[in-house]
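Enquirer: Here it is: the structure, laid out below.
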Amino acid sequence: MYILLFFIAHWFLSLFCQTFFLHRYSSHKMFTMNKFWERFFYIFTFLTQGSSFLNPRAYAILHRMHHAYSDTEKDPHSPHFFKDVFGMMLHTKKIYFDYASKKVEPEKAFQGNYPEWPLLDKISDMWLVRIGFGVLYFLFYYYFATAWWQFLLLPIHFLIGPVHGAIVNWCGHKYGYSNFDNNDHSKNSLPWDLFMLGELFQNNHHKSPNSLNFSKKWFEFDPTFLIIKAFDLIGIVNIRKA
């Protein structure tokens, strides 16, 4: 029971930070927040992604490239140029590290005022820190696992940020249905989006990249949109007016 609860909590908290902070805030600036809340969610994203924390600036640059070059050879993570999801992940990893380390500067079109916190970025990228999170995950399983097969879930904890990204970019551009012709392969992947907090409405999102609500049809549901609306009501964020 403890293992199941931990896995579910880690999955959805990390996923929420990715869609809320990295995607809708850092990449698309769909809403604003003051410095206190930006730092709060920066730390929260670091804690929930743990060993696989994704640098917000590098994430945002790659995501904006993904929209500009969707499903073309310049797309940093289109599934249509790789034989499997692992090849796509390795390709994305190289581009990501170039921008995270600032060894490469993005094209002018992808430069912008992205969230940055140099101290936390440096700490989060230390191998000692990443390995430390991995050790904590292992110790939790060591004390609470009741069957050997439960340890097979550990790699997901170790790589949870890239795992979420791979699911969205692979499934969201290969499987499902399309509401709009976006001149790419983006799909809406119901019913799997029930486990992805709105992120698998890729066809809708590519049609309207700056729309806060990723659902468009009556049978589609974007839970993160409702959470952000609630945050707006209580003053945590300010949704940008269309």
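Enquirer: Would you pick out the residues in the stretch 203-242 that are among the charged types (D, E, K, R), surrounded by 16 or more Cβ atoms within 10 Å (Cβ to Cβ) and within 13 Å of F180 (Cβ to Cβ)?
Expert: Those that are among the charged types (D, E, K, R), surrounded by 16 or more Cβ atoms within 10 Å (Cβ to Cβ) and within 13 Å of F180 (Cβ to Cβ): K207, K216, E220.
Enquirer: Name the residues in the stretch 188-212 that are within 15 Å of D71 (Cβ to Cβ) and touching a residue at least 60 places away in the same chain (Cβ under 8 Å), would you?
Expert: Matches in the stretch 188-212: H206, P209.
Enquirer: I've got another one for you. Considering only helices (runs of 4 or more DSSP H) fully contained in the stretch 10-104, which possess at least 2 residues that are modelled with pLDDT under 95 and loosely packed, with under 15 Cβ neighbours inside 10 Å?
Expert: Values: elements: 35-49, 56-68, 85-100.
Result: 85-100.
Enquirer: If you don't mind, there's one more thing I want to ask. Across the stretch 161-199, what is the total count of residues that are buried (at least 16 other Cβ atoms within 10 Å of the Cβ), acidic (D, E) and over 11 Å from the mean Cα position of the chain (by Cα)?
Expert: 2
Enquirer: Output the residues belonging to the stretch 207-242 that are touching a strand residue (DSSP E or B) at 6+ places or on another chain (Cβ under 7 Å) and either aromatic (F, W, Y) or at positive phi (or both). If you could, list the steps in order and put the result at the bottom.
Expert: Start the filter on the stretch 207-242 by keeping residues that are touching a strand residue (DSSP E or B) at 6+ places or on another chain (Cβ under 7 Å), which leaves 212, 214-215, 220, 222, 228, 232, 237-240.
Across the stretch 207-242, the qualifying residue is only F214.
Enquirer: Could we say that H80 is touching a residue at least 24 places away in the same chain (Cβ under 8 Å), in contact with an Asp or Glu (Cβ under 9 Å, 6 or more places away or on another chain), of a type outside the set (A, V, I, L, M) and over 28 Å from W127 (Cβ atoms) here? Steps first, answer last, please.
Expert: Details: touching a residue at least 24 places away in the same chain (Cβ under 8 Å): yes; in contact with an Asp or Glu (Cβ under 9 Å, 6 or more places away or on another chain): yes; of a type outside the set (A, V, I, L, M): yes; over 28 Å from W127 (Cβ atoms): yes.
Taking the combined requirement at face value, the residue satisfies it.
The values are calculated or read from the model by the stated rules, or taken from the named source; none is laboratory data. Keep in mind that this is a model prediction, so the values were computed, not measured. Every residue, glycine among them, receives a Cβ derived from its backbone with ideal geometry; neighbour counts consider all protein chains shown.
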